[in-house]
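What follows is a short report on a single structure.
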Amino acid sequence: MGRTLAEKVWDDHVVRRAEGEPDLLFIDLHLLHEVTSPQAFDGLRKNGRRVRRLDLTIATEDHNTPTLDIDKPIADPVSRVQLETLRKNCAEFGVRLHPLGDVEQGVVHVVGPQLGLTQPGMTVVCGDSHTSTHGAFGGLAFGIGTSQVEHVLATQTLPMARPKTMAITVDGELPEGVTAKDLILAIIAKIGTGGGQGYVLEYRGEAIEKLSMEARMTICNMSIEAGARAGMIAPDETTFAYLEGRPHAPKGEDWDAAVAYWKTLRSDDDAEFDAEVVIDASELSPFVTWGTNPGQGAPLSASVPDPASYEDASERLAAEKALEYMGLEAGQTLRSINVDTVFVGSCTNGRIEDLRAAADVIKGRKVADGVRMLVVPGSARVGLQAVSEGLDVVFKEAGAEWRHAGCSMCLGMNPDQLAPGERSASTSNRNFEGRQGKGGRTHLVSPQVAAATAVLGHLASPADLAAADDRTPAGV
Amino acid sequence: MEAFTTHTGRAVPLRRSNVDTDQIIPAHWLKKVTRDGFEDGLFEAWRKDPEFVLNRPERAGATVLVAGPDFGTGSSREHAVWALQNYGFKAVISSRFADIFRGNSLKNGLLTVVLDQKIVDALWELTEADPTAEITVDLEAREVRAEGLNAPFELDENARWRLLNGLDDISLTLRNEADIAAYEAKRPSFKPRTLTA
């Protein structure tokens, strides 16, 4: 019987397989950041261990880093200590680090692909659940806890139970104005936050094949919000074209050997998945969340659901609690929801294509009175690229704030936070209670919807902007 | 890791689904660089409500958390496990755990037990009606016991063996160091390196 893509990559990394034990998997790339690594380095020190493969390890600073005044000392003393701890640990153990201010610094899941370190068929881990992003290249990439970070540092391997596989086949074409973010939010709403639990998801089908690498990363990034530790997409010419010429991409004969291998990385026609979900892309429209988990979403054209409409008692209770926390009424249209803040950025939507999409919508328009819009590039390189294209000027002229790279308001570990009761439209990945700041209320949206929402002050799509223009006589 | 064999204690019934790790321990606590001192951050936002179940005096000293489905979703932060342990929890029962949280818990000796939602419902009813009711989580027998209830649970034999003996994963893996070296020797040369030789 044929094998799935996930099974092929898995099998290629088995260091040891023994009856009654989890497989011991080799890890090709280990990404580190300041939040989930300090206790792991402490563990190494305590046991007199070293980092086994410094040449497969890289660190950057992203979660705590401020997005303003980055040349000044970090104001929050606790954040400062955490960043200093990473610097000290990397220096002591010899780990390559891109600290705040470095041209390669940025959100760890933006940095890996942009350097060409993330390649098809690799195993990639990081102490961060959004490591699933890297699966967009056709590798097996998953988030791990700090104990596992220590394990990988010490052994370059992880004992893992073989996961089940789920095919998510997206047939047809995405309609004009519908993005990868809308698609993944719709998938999560369909299968639920636990639907992918225990599975590696493989996204496939016509609509997926047409996506750019940036869009594929957006999809794989949010696999974890469907409960799946990893999501992946078979590599193809789009993947190879993205990689070619990047600093760590193979060169010369190595490139040819690599591409020959990468071309084998597809699920065989007779491979069997443990589960399969089929989505019709042509039925989709811009999608936003109304609740406090990423599965609580609906098309922008819909209304806030009535909790009483849920048959399942636990879902009903969850919806009731969500509406209470979000300050929403059942039945109000999603377009009637006004926001205070718009955040464009994160490992989900902080890449250059995302910034271009948001800039394209907002160009020549103004952020609505009383709305604050933050644009945070996913990495320093993305920021430089955006500046070279004049996108920073577009955002600033619209009244948005152009910031330095980092995780920023996605999780509010730095000063970029919502105040209690404040509401955001955010291109990030989690609408959990308090995620963007204590008492903050988050609606997950695409970069395009974020930009249109910033202009109109309520949840809106770019199509709504055009309609509003038609209603407004010229010169008014 | 501390070994886990069997534990008996009073329970905290948490009637919520999708308890994500941001609720278990909010992000601002993640700036700490230690594995301890997270107890005050556990469910920090919800604990501001005096009626929240963890704040009820009759729940003081409880050690078994009985939660709704999809417990521990979201972020991979192991701090969520540390916070539960720092607070005093020894076991968590739910009908479904997020994968990363589950893995993290078992590596720290916090036993996460998967039981059918009907049994979770029964445990909620029992411990809400009688806060002094005790729950026993027996890893040797692989069962959960409470008044009028005896529920077997599954846990793979390898994870159980490591928990029962409090074994350290890294030491176990390093026993197979030769296998790792053999694998490394045959890795293709086109695979990327972060450092240039």
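The values are calculated or read from the model by the stated rules, or taken from the named source; none is laboratory data. Nothing here was measured: the structure is a model prediction, and the numbers come from that model. Reconstructed Cβ throughout: ideal geometry from the backbone, glycine too, with neighbour counts over all protein chains shown. Protein only, heavy atoms only, side chains kept; ligands, DNA and RNA dropped before computing areas. Shrake-Rupley method; radii C 1.70, N 1.55, O 1.52, S 1.80 Å.
Of note:
- The residues of segment A:13-24 that are more than 18 Å from residue B:193 (Cα to Cα) and in contact (Cβ under 8 Å) with a residue 24 or more places away in the chain, listed by number, are A:15, A:21, A:22, A:23, A:24.
- All conditions but one from (1) open to solvent by 10 Å² or more (accessible area, probe 1.4 Å); (2) more than 14 Å from every other protein chain (Cβ to nearest Cβ); (3) among the hydrophobic types (A, V, I, L, M, F, W, C); (4) over 21 Å from residue A:114 (Cβ atoms) apply to residue A:211; the one that does not is (4).
- Only one entry of B:89, B:97 meets the criterion of being within 13 Å of chain A (Cβ to nearest Cβ), open to solvent by less than 10 Å² (accessible area, probe 1.4 Å), modelled with pLDDT of 95 or more and under 23 Å from residue B:166 (Cβ atoms), and that entry is B:97.
- Listing of strands (runs of 3 or more DSSP E) fully contained in segment A:251-347 that carry 1 or more residues being buried (at least 18 other Cβ atoms within 10 Å of the Cβ) and of a type in the set (Ser, Thr, Tyr): A:287-289, A:341-344
- Against the conditions (1) surrounded by 16 or more Cβ atoms within 10 Å (Cβ to Cβ); (2) in a loop (DSSP other than H, G, I, E, B), residue A:370 satisfies every one except (1).
- Restricting segment A:383-399 to residues that are open to solvent by 10 Å² or more (accessible area, probe 1.4 Å) and hydrophobic (A, V, I, L, M, F, W, C), the residue that is nearest to residue A:105 (Cα to Cα) is A:384.
Conditions tested, residue by residue: (1) without any contact (Cβ under 8 Å) to a residue 40 or more places away in the chain; (2) under 30 Å from residue B:100 (Cα atoms).
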position	(1), (2)
A:229	no, yes
A:240	yes, no
A:252	yes, no
A:259	yes, no
A:262	no, yes
A:266	no, yes
A:269	no, no
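- Any chance residue A:205 is touching a strand residue (DSSP E or B) at 6+ places or on another chain (Cβ under 9 Å) and crowded, with 24+ Cβ neighbours inside 10 Å: no
- Residues that are open to solvent by less than 50 Å² (accessible area, probe 1.4 Å), part of a helix (DSSP H, G or I) and more than 10 Å from every other protein chain (Cβ to nearest Cβ), drawn from segment B:139-197: B:160, B:163, B:164
- Selection status of residue B:3, touching a Leu at 6+ places or on another chain (Cβ under 9 Å), small (Gly, Ala, Ser) and away from chain A (no Cβ under 13 Å): yes
- Hits in segment A:159-190 - residues which are outside any loop (DSSP other than H, G, I, E, B) and either of a type in the set (Phe, Trp, Tyr) or within 12 Å of chain B (Cβ to nearest Cβ) (or both): A:159, A:160, A:164, A:188
- Segment A:459-476, subset exposed (fewer than 10 other Cβ atoms within 10 Å of the Cβ) and aliphatic (A, V, I, L, M), residue modelled with the highest pLDDT: A:474
- Checking each residue in segment A:436-458 for being within 14 Å of another protein chain (Cβ to nearest Cβ) and either open to solvent by 10 Å² or more (accessible area, probe 1.4 Å) or of a type in the set (Asp, Glu) (or both) picks out A:438, A:439, A:441.
- Taken over segment B:1-30, the criterion of being assigned to a helix (DSSP H, G or I) and touching a His at 6+ places or on another chain (Cβ under 9 Å) is satisfied by B:21, B:24, B:27, B:29, B:30.
- Selected residue (only one of B:115, B:106, B:126 is more than 30 Å from residue A:119 (Cα to Cα), open to solvent by 20 Å² or more (accessible area, probe 1.4 Å) and more than 10 Å from chain A (Cβ to nearest Cβ)): B:126
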